[in-house]
Amino acid sequence: MLETVAIPSTRAAQPDAGNLRGQSASLGLSIRTFFEQPMMVGSAFPASRWLVRHMLARLNWQRMKLFVEFGPGTGVFTRAALDRLPADATLLAFDTSPAFIDHLRDSIQDSRLQAVCAPAANVATLLRDRGLPLADCILSGLPFSTLDPMDAERTMAASRAILEPEGIFCAYQMRRTIEPLLKKHIGGVRSAYEWRNIPPCHLYWADATNPQAN
Ligand SMILES: C[S@@+](CC[C@H](N)C(=O)[O-])C[C@H]1O[C@@H](n2cnc3c(N)ncnc32)[C@H](O)[C@@H]1O
């Protein structure tokens, strides 16, 4: 599921008035929720368009049936992934903040999206209960540096269990806490850094079929 060719977003780049209103509502929600629960949210600002493009450009979208997102927040990555996913795919998004999940359900009208208010560690149970296939890709925005270490281990073990043998786990993080977990649970890891985000972020793509990558 790794692709080296950049795939441009199909979403129009020009902002219109509705789009700008939506963006400022998302920013307000993101900042409010961060100040209410800073450890859970990790960052006050939604992901930048540079971070989103950099992270998603390496994925092979044509063959994806199930895309799982951990910590969608206000849904910047969710919208970009829906722009790229095939018409018959499913995007299953997990967030522990009811406010973010309500926002996703209200602001994204797309039958491929299933947004659930639950911890990412519950992913295997949720997939089984909903009769969903193994995931082709898991994208994580979880703040691993502030997650309880047991929860982080459970989340990664559950992720391994629901990932297709050729599936990919990708993550964006301010710190490098997730790196050893990716190597332990998933396999070979490629990394990059994106300065054009507040705050700048490490990017990871972990792939069980490529144990030598680093
Ligand atoms: C850094 S923010 C992601 C922001 C998002 N990328 C955006 O652009 O708006 C981390 C997100 O992870 C969620 N989160 C934290 N712990 C979680 C957990 N155990 N399971 C699921 N979501 C979690 C937070 O509520 C928050 O939405």
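The values are calculated or read from the model by the stated rules, or taken from the named source; none is laboratory data. A quick note: this is a predicted structure, and the numbers were derived from the prediction, not measured. Note: ideal-geometry Cβ built from the backbone for every residue, glycine included; neighbour counts use all protein chains shown. Accessible surface is based on the protein model in full, side chains and every heavy atom, while ligands, DNA and RNA are left aside. Shrake-Rupley method; radii C 1.70, N 1.55, O 1.52, S 1.80 Å.
Observations on the structure shown:
- Qualifying residue in segment 68-87 (condition: among the β-branched types (V, I, T), at pLDDT below 95, open to solvent by 30 Å² or more (accessible area, probe 1.4 Å) and not in a helix (DSSP H, G or I)): no
- The number of residues in segment 87-104 being in contact (Cβ under 8 Å) with a residue 40 or more places away in the chain and out of contact with any Leu (no Cβ under 8 Å at 6 or more places or on another chain) comes to 2.
- Residues of segment 21-50 classified as touching a residue at least 40 places away in the same chain (Cβ under 8 Å) and within 8 Å of the ligand (Cβ to nearest atom), total: 10
- Sole exception among (1) part of a loop (DSSP other than H, G, I, E, B); (2) open to solvent by 30 Å² or more (accessible area, probe 1.4 Å); (3) at negative phi for G131, by number: (3)
- The residue of segment 88-99 that is nearest to D136 (Cα to Cα), among those that are in a loop (DSSP other than H, G, I, E, B) and either basic (K, R) or in contact with a Lys or Arg (Cβ under 8 Å, 6 or more places away or on another chain) (or both), is A89.
- Index of the failed condition, M64 passing every other in (1) among the hydrophobic types (A, V, I, L, M, F, W, C); (2) open to solvent by 10 Å² or more (accessible area, probe 1.4 Å); (3) in contact (Cβ under 8 Å) with a residue 60 or more places away in the chain; (4) in a loop (DSSP other than H, G, I, E, B): (2)
- Among the residues here, F67 does not qualify as out of contact with any Pro (no Cβ under 6 Å at 6 or more places or on another chain) and within 13 Å of the ligand (Cβ to nearest atom).
Residue by residue, here is whether (1) more than 13 Å from the ligand (Cβ to nearest atom); (2) within 26 Å of Q37 (Cα to Cα); (3) assigned to a helix (DSSP H, G or I); (4) open to solvent by 10 Å² or more (accessible area, probe 1.4 Å) holds:
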| site | (1), (2), (3), (4) |
| --- | --- |
| I101 | no, yes, yes, no |
| L104 | no, yes, yes, no |
| Q114 | yes, yes, no, yes |
| A121 | no, yes, yes, yes |
| L126 | no, yes, yes, yes |
| L139 | no, yes, no, no |
| E153 | no, yes, yes, yes |
| E166 | yes, no, no, yes |
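- For L182: the one exception among (1) part of a strand (DSSP E or B); (2) within 16 Å of the chain's Cα centre (by Cα): (1)
- Evaluation of E179 against (1) away from the ligand (no atom under 15 Å from the Cβ); (2) over 25 Å from F34 (Cβ atoms) (one fails), failing number: (2)
- Residue within segment 190-204 that is free of Cβ contacts under 8 Å to residues at least 60 places away in the same chain, assigned to a helix (DSSP H, G or I) and open to solvent by 10 Å² or more (accessible area, probe 1.4 Å) present: no
- Scan of segment 88-99 for residues that are under 23 Å from P38 (Cβ atoms) and either open to solvent by 50 Å² or more (accessible area, probe 1.4 Å) or within 8 Å of the ligand (Cβ to nearest atom) (or both), ordered by number: F94, D95, T96, S97, P98
- Residue under evaluation L147, criteria (1) touching a strand residue (DSSP E or B) at 6+ places or on another chain (Cβ under 9 Å); (2) modelled with pLDDT under 95; (3) buried (at least 17 other Cβ atoms within 10 Å of the Cβ), criterion not met: (1)
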